[in-house]
1. Residues of the stretch 205-241 being in contact with a Ser or Thr (Cβ under 6 Å, 6 or more places away or on another chain) and either modelled with pLDDT of 90 or more or closer than 15 Å to Thr177 by Cβ (or both), which ones?
2. Looking at the stretch 360-401, which of the residues that are surrounded by 14 or more Cβ atoms within 10 Å (Cβ to Cβ) and of a type in the set (D, E, K, R) is farthest from Ala186 (Cα to Cα)?
3. Tally time: how many residues in the stretch 294-312 are charged (D, E, K, R), over 13 Å from Leu124 (Cβ atoms) and buried (at least 17 other Cβ atoms within 10 Å of the Cβ)?
4. In this structure, does Thr266 turn out to be under 25 Å from the mean Cα position of the chain (by Cα) and among the hydroxyl-bearing types (Ser, Thr, Tyr)?
5. Report, ordered by the first and then the second residue, all pairs with beta carbons closer than 8 Å, sequence separation of six or more or different chains, a first member in the stretch 26-52 that is under 16 Å from Ser271 (Cα atoms), and a second member that is at pLDDT 85 or above and outside any helix (DSSP H, G or I).
6. Any residue at all in the stretch 284-293 that's among the basic types (Lys, Arg), over 30 Å from Phe425 (Cβ atoms), more than 22 Å from the chain's Cα centre (by Cα) and surrounded by 15 or more Cβ atoms within 10 Å (Cβ to Cβ)?
7. Report, by residue number, each residue of the stretch 420-443 that is modelled with pLDDT under 90 and in contact with a helix residue (DSSP H, G or I) (Cβ under 7 Å, 6 or more places away or on another chain).
8. Within the stretch 188-204, take every residue that is part of a helix (DSSP H, G or I) and free of Cβ contacts under 8 Å to residues at least 12 places away in the same chain and give me the one that is farthest from the chain's Cα centre (by Cα).
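The values are calculated or read from the model by the stated rules, or taken from the named source; none is laboratory data. These numbers were taken from a predicted model, which means no experiment stands behind them. Cβ placement follows ideal geometry from the backbone for every residue including glycine, while neighbour counts extend to all protein chains displayed.
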Amino acid sequence: MTERYRHAGAGPAVALGLALAACVPSVREVEAPVRTTLRTRAGEEPGDAAAARAALARPLTRDAVRRLALVSPRAGAALATVGVAAGEAAAQRGLGHTALELESYFTDSGSLLGGHVTVHHDILDLVLMAPRRRAGGARLSAAQARAAGELIALAAEAELAFLELAGAAETAAAARTIFDAAAAAADLTERIHAAGGTTDLALAREQVRREEARLALARAEAATEAAREELNAVLGLSGADTRWTLGDGVPELPAAPPALDDLEATAVATSLALAALRSDAVAAANRAREAGVKAWLPSLAVGVTAEYHDGGWFPGPAVSLGLPLVSGERGRAAAARADGQRVAALTTATAAELRARARAARLRALVAFDEARHLRDVLVPLRRRVLDETLLQYNAMNASPFELLAVRGELAASELALVDARRRFAAAMVAVESLRRGVTVGGHGAAVVAPAPSSPASGGGHRGGH
């Protein structure tokens, strides 16, 4: 009777030295390119969270919200994706595994009858080291580009939310002015009606105007509170941190329209989404090379073996070849090639979408500027002139109090339209500057960043914007 034992385990200590090639880089090292991109393109980078939050004790400004956005939980999550990619890239630098196999045969009395010892190392990872390292490095570069895009877009999103709040606050103030004028007119009409000096129809009309203005004021005040909470959400603020006060308002219109003729070309040249996709293409091509080899050679190991028989050990070389019968490597190779095709198609689509969005951003900025300038330079001054003339006529008793109140309400409405146009222009310019910095943001600051593969062997998704 004989007994047979087979053991497989970790390789000898020499593999430990080889494994040093797969060391994971430090967090500071992998985040450095992201911070450099932010610094060169946006003039800022994630700083000290405590220092940024100190701004909450003062009236909040646009610059402050950008700094707060870069230390928010979402910013931390964006930076963490770089660490994930760095770990995956380091894993791609592995040099394979060493296996130890033991077989022994014993007699019934316990004497060693025979057996063998084999030590072999899978060298296929060494053979494929170059494409694997290139794929891992490209995936890391893509993750760094996407993280930088996420952070730039996050700061822009915070700025857009701030502008929305500032515009809502000014709108609420204008709505209050309109309501006050409508309420004064209605109150005056009610007194005149009580004395028998006006008709029921005139009274009803003024009361309708007052109640419509009351509803508009309530909507404006509710919109201001909602915009405030949207900004809290973007900045990741809660509890006592939400007690901040608003500092800056909607910025004034510049003297001249912005120069945007180069926006389309600049947006394409600086796009972080396209940069990430170019890295994705490199990664996909190298994964396809690796998978193509493994499709016909799943594993290749070499080593030494020693067999015991006839009272002695007899050493010799050992070679182990994997046979691609049911390994599934051909399917992985096909998936890798398809992923390369996906990245190529997505690159073409992203470039076309980026050009269209740049043209749309340019149009929105210029149209908003022209509208705001016309309101500022033409319509609002005319409304003020009408008010001044009506006031003169009222003092000369040639205009009624109702006419004066109506003219004041019309001026407030034009000023309200000017505030909205200035806000839309400022928001459009945030989108323009974001395009120049390499990302696309929409109405809510959603970043348009190319989808990132979820694993070295499969594709994934990301978020998009308009």
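1. Kept after step one, since they are in contact with a Ser or Thr (Cβ under 6 Å, 6 or more places away or on another chain), are these residues of the stretch 205-241: 206, 220, 232, 235-236.
If the condition is that a residue be in contact with a Ser or Thr (Cβ under 6 Å, 6 or more places away or on another chain) and either modelled with pLDDT of 90 or more or closer than 15 Å to Thr177 by Cβ (or both), then Ala220, Asn232, Leu235, Gly236 are the ones that fit.
2. The selected residue is Arg362.
3. Going residue by residue through the stretch 294-312, those that are charged (D, E, K, R) are 294, 307, 310.
Subset that is over 13 Å from Leu124 (Cβ atoms): 307, 310.
From the residues that got through so far, the ones that are buried (at least 17 other Cβ atoms within 10 Å of the Cβ) too are none.
The number of residues fulfilling the criteria is 0.
4. Details: under 25 Å from the mean Cα position of the chain (by Cα): yes; among the hydroxyl-bearing types (Ser, Thr, Tyr): yes.
Against the criterion (under 25 Å from the mean Cα position of the chain (by Cα) and among the hydroxyl-bearing types (Ser, Thr, Tyr)), Thr266 qualifies.
5. Every condition considered, the pairs that remain are Thr37/Gly438; Leu38/Leu70; Arg41/Gly438.
6. Scanning the stretch 284-293, I find at least one residue that is among the basic types (Lys, Arg), over 30 Å from Phe425 (Cβ atoms), more than 22 Å from the chain's Cα centre (by Cα) and surrounded by 15 or more Cβ atoms within 10 Å (Cβ to Cβ), so the answer is yes.
7. First pass over the stretch 420-443, keeping only residues modelled with pLDDT under 90: 441-443.
Listed by number, the list holds a single entry, Val441.
8. Narrowing the stretch 188-204 to residues part of a helix (DSSP H, G or I): 188-194, 200-204.
If we keep only those that are free of Cβ contacts under 8 Å to residues at least 12 places away in the same chain too, we end up with 191-194, 200-201, 204.
Working: Arg191: 58, Ile192: 60, His193: 60, Ala194: 62, Asp200: 58, Leu201: 56, Ala204: 52 Å.
Looking at residues that are part of a helix (DSSP H, G or I) and free of Cβ contacts under 8 Å to residues at least 12 places away in the same chain, I get Ala194.
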